[in-house]
Amino acid sequence: MQKTFNIKKISTAILNSYSQIFFSENKLFAFLLLIVSFIDIWAGVSGLLAVLTANIIAYTLGFNKLAIQKGMYGFNALLVGLGTGLTFQPSPQLFFIVFFASLLTLFITLALQGILTKYTLPYLSIPFLLGIWIIILASKDFSSLGLSERGIYTYNELYALGGNNAVNFYNWFSSINIPESLRIYFLSLGAIFFQNNILAGIIISIGLLYYSRVAFSLSLLGYYIAFLFYYFIGANFSELGYTFIGFNYILTSIAIGSYFVLASWRSYLWTILLLPITIIITAGLAKVFAIWSLSVYSLPFNIVVIMFIYILKLRTSKQEHLTDNFVKQSNPEKTIYLNKTAIEENKNKLFFPINLPFWGEWSVMQAHNGEYTHKEEWQHAWDFIIIDEDGKQFKNTGNNVEDYYCYKKSIIAPADGIISDIFDRIEDNKIGEVNTIKNWGNSIVIKHTEILYSQISHIKAGSFKVKKGDFVKKGEILAQVGNSGHSPYPHIHFQMQATPYVGSETLDYPIHNYILNKKSQKELISFGKPKLNTKISPAEKDEILLKVLNFTPGQKIKVKYLANNKTKELEWEIFKTIYNETYIYCKKTKSTAYFFSNDAGFYFKNFYGDKNSELLLFFKHLYSVKKTFYKNIKHISSIRPDLFFNKYILIIQDFIAPFYLFLKAKYILNYLEKDDDFSADFIKLEASIQKLFFHKKGKESKSEIMIRQNGEITLQLFENESITKLTIN
């Protein structure tokens, strides 16, 4: 059993080694590439031998099995095998050299991975380059290796393989009239697999189109930008037809346009800007490498892509619209759909969650770019007060600090952290007076991450419950509201900053998970920046939602599914990956739903598997649940459109996905009912999923969700005048 399991994994690793050259793990695409590699049989055999050698040795040495299965340790060896098999005549000595060349390439791959991982950079095809150059240079002393003459006597080779039929097919195919630029495009694609014929390029282009519409369009963009640049500068473009270096422009375009950077019009623009640089590097290096009778192969592609990725990592501020892919999917289109719709997940990754530093409802007396202070480098801050129904912040005459509703109220830690600094012993001001010498008054600074601190100021002297160096948990009492420093009346001053000093320059940073209290309704804000005169309060956690939506690794979930008067029972289980990602797995349908959960909410991240799976229903209808309850409050999220629209309309969307999504899906969760505010037994929610076509509403899917104290969750779906019921416990 164990042997079969290993063979299956090796088979997956072999296939992915072929498709990984195009940053893909698509099995059909990989199979087409495998076939293409055998258009020249001995090159194909050498490539397969190299892949087998690299993957089996990687398994034997105990390297990361997931990386092996993805083809990460096999694709460079494959390229060396193909190149060696094409360069030399078939012989026992050839396969002997291929074996050790693939072993050398694997070792180079592993060494480069160890070096470049420190800088979070890919090794791309550098191991192939080093491996093939070493083999070619060394072969000058290997007299038993004869240079291949295949391709010189094409008709003889075709006749030997398939007789007159093969020759006639070749003549017919060669007579097809296609533009010269397109012919070289196909030759350039074929050259990636060391195949010097148009048929190989056509098959690869079909496979590329099947795998990804975005990658296919980028291959054309990269190639034709190079074509126009060659024409504009007066270079001899026909050399691409016999040097086959055009694949550098194709691979550079796919890598920059959609794989290492989230595909968008900005990534396409940078692709266009980087391609002339790739051409200049190609032309220059070709002259240098000609000294040793070597080809530059994919070196220009490696230089430009790695350099650009490294430059992006050096930015002091990351642009939202030119960013790394948060989670790479099976193709660039799905990556776009996930990254552009997983707003909550992206924000949780971008922002360390900072909550309000108080309990109850407060008002924003001064916001960013305030009327009185909060100017220039201190502009990103808030002042909070408590007001009554008449809009007053004090009782009686308001002449004493004790008259103010917020005075001596508790200040709490907005997030976990370490107390970095405390200023104390500055007495409260009389109402209307300010202390301009000790401007910030009594203050506390908390370190949350290496580059994120919060500061709370104007605190009451002697009220601190913590000291410098203490670790505090979110919600822990820190001190009391006072009126010290530049404060004419009691209030809380709150700001985020990048340094640990009182009075540091402020950061433009959002507050996490609070309620915006309007006259007619409440609005739940996941990440926002409270505005002037708004009333806000921390979102209170609901005990039922906290308890029930707290799935832990190892937990098994019993599921009952009722549809068409038939009941089905199955079991799900919770697992955790080595990357600390949690997911629900349905063994029966082999489906997986990844989720993220904290005290604020439960969010599904991604789904893989059978679209008829009951797990997908659960994924869709509990897609994003805030662990709070306010009656009739609504929580709205975006959800992946490719889970809801048919594949034919999605093909059109795929092509333009980097620029515009005309297919969208909106998830709306309405908090309907709670049977008791103090000792509740259940919470009732309503989920609806709206399909949008050019912003026009399409079919809507609705469900009623009952979440009980005993851990039972029931989904009742209303579609096509029938009721589908899903119960988990």
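Points to keep in mind about this one:
- Scanning the stretch 579-608 for residues that are in contact (Cβ under 8 Å) with a residue 40 or more places away in the chain, farther than 17 Å from Gly711 by Cα and among the hydrophobic types (A, V, I, L, M, F, W, C) turns up Phe595, Phe596, Ala600.
- If only residues of the stretch 247-295 that are surrounded by 24 or more Cβ atoms within 10 Å (Cβ to Cβ) and within 19 Å of Asn76 (Cβ to Cβ) are counted, the one that is nearest to the chain's Cα centre (by Cα) is Tyr259.
- Selection from the stretch 364-382 of residues that are under 10 Å from Leu532 (Cβ atoms) and either among the charged types (D, E, K, R) or buried (at least 17 other Cβ atoms within 10 Å of the Cβ) (or both): Val364, Met365, Gln366, Ala367, His368, Gly370, Glu371, Trp382
- Residue check, Leu570 surrounded by 16 or more Cβ atoms within 10 Å (Cβ to Cβ) and not assigned by TED's automatic domain parsing to the domain that holds Ile707: no
- Criterion violated by Val434 - all others in (1) more than 21 Å from Ser504 (Cβ to Cβ); (2) surrounded by fewer than 19 Cβ atoms within 10 Å (Cβ to Cβ) satisfied: (1)
- Tally, over the stretch 522-557, of residues that are outside the structural domain of Gln709 (by TED's automatic domain parsing) and free of Cβ contacts under 8 Å to residues at least 24 places away in the same chain: 2
Conditions (1) buried (at least 20 other Cβ atoms within 10 Å of the Cβ); (2) part of a helix (DSSP H, G or I), marked per residue:
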| residue | (1), (2) |
| --- | --- |
| Ser24 | yes, no |
| Leu28 | no, yes |
| Ile35 | no, yes |
| Ser46 | yes, yes |
| Ala54 | yes, yes |
| Met72 | yes, no |
| Ala77 | yes, yes |
| Val80 | yes, yes |
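- Any pair with Cβ under 8 angstrom, 6 or more apart, that starts in the stretch 455-467 at a residue that is farther than 18 Å from Asn429 by Cα and ends at one that is at pLDDT below 95 and surrounded by 24 or more Cβ atoms within 10 Å (Cβ to Cβ): none
- Top-ranked residue of the stretch 403-431 - restricted to ones that are part of a strand (DSSP E or B) and of a type in the set (Val, Ile, Thr), ranked as surrounded by the most Cβ atoms within 10 Å (Cβ to Cβ): Ile411
- Residues that are basic (Lys, Arg) and within 24 Å of the chain's Cα centre (by Cα), drawn from the stretch 9-35: Lys27
- Residue selection: Phe227 satisfies the criterion of being under 35 Å from the mean Cα position of the chain (by Cα) and at pLDDT 85 or above.
- Positions within the stretch 539-549 being within 17 Å of Phe358 (Cα to Cα) and under 29 Å from the mean Cα position of the chain (by Cα), in sequence order: Ala539, Lys541
- Scanning the stretch 448-461 for residues that are surrounded by fewer than 18 Cβ atoms within 10 Å (Cβ to Cβ) and touching a Phe, Trp or Tyr at 6+ places or on another chain (Cβ under 8 Å) returns a single hit, Thr449.
- Residue check for Ser217: touching a residue at least 24 places away in the same chain (Cβ under 8 Å), surrounded by 24 or more Cβ atoms within 10 Å (Cβ to Cβ) and touching a helix residue (DSSP H, G or I) at 6+ places or on another chain (Cβ under 8 Å): no
- Where Tyr671 falls short, out of the listed (1) under 19 Å from the mean Cα position of the chain (by Cα); (2) buried (at least 16 other Cβ atoms within 10 Å of the Cβ): (1)
- Glu389 vs. criteria within 20 Å of Ser363 (Cα to Cα), of a type outside the set (Ser, Thr, Tyr) and part of a loop (DSSP other than H, G, I, E, B): yes
- Unmet criterion (only one of (1) in a strand (DSSP E or B); (2) modelled with pLDDT under 95) for Ile536: (2)
- Residue tally, condition buried (at least 16 other Cβ atoms within 10 Å of the Cβ) and free of Cβ contacts under 8 Å to residues at least 60 places away in the same chain, over the stretch 500-518: 2
- When residues in the stretch 633-649 are screened for being crowded, with 16+ Cβ neighbours inside 10 Å and either at pLDDT 95 or above or among the β-branched types (Val, Ile, Thr) (or both), 2 of them pass.
- Here the stretch 333-359 is the region considered, the condition is being among the polar types (S, T, N, Q) and modelled with pLDDT of 85 or more, and the residue that is farthest from the chain's Cα centre (by Cα) is Asn355.
- Count of the stretch 573-613 residues, restricted to those that are more than 28 Å from Ser638 (Cβ to Cβ), in contact with a strand residue (DSSP E or B) (Cβ under 6 Å, 6 or more places away or on another chain) and either part of a loop (DSSP other than H, G, I, E, B) or outside the structural domain of Leu643 (by TED's automatic domain parsing) (or both), is 1.
- Checked across the stretch 555-568, the condition of being within 25 Å of the chain's Cα centre (by Cα) and of a type in the set (Phe, Trp, Tyr) holds for no residue.
The values are calculated or read from the model by the stated rules, or taken from the named source; none is laboratory data. In this text the structure is predicted, and so the values were computed from the model without any measurement. Please note: Cβ atoms are built from the backbone with ideal geometry, for glycine as well, and neighbour counts cover all protein chains shown.
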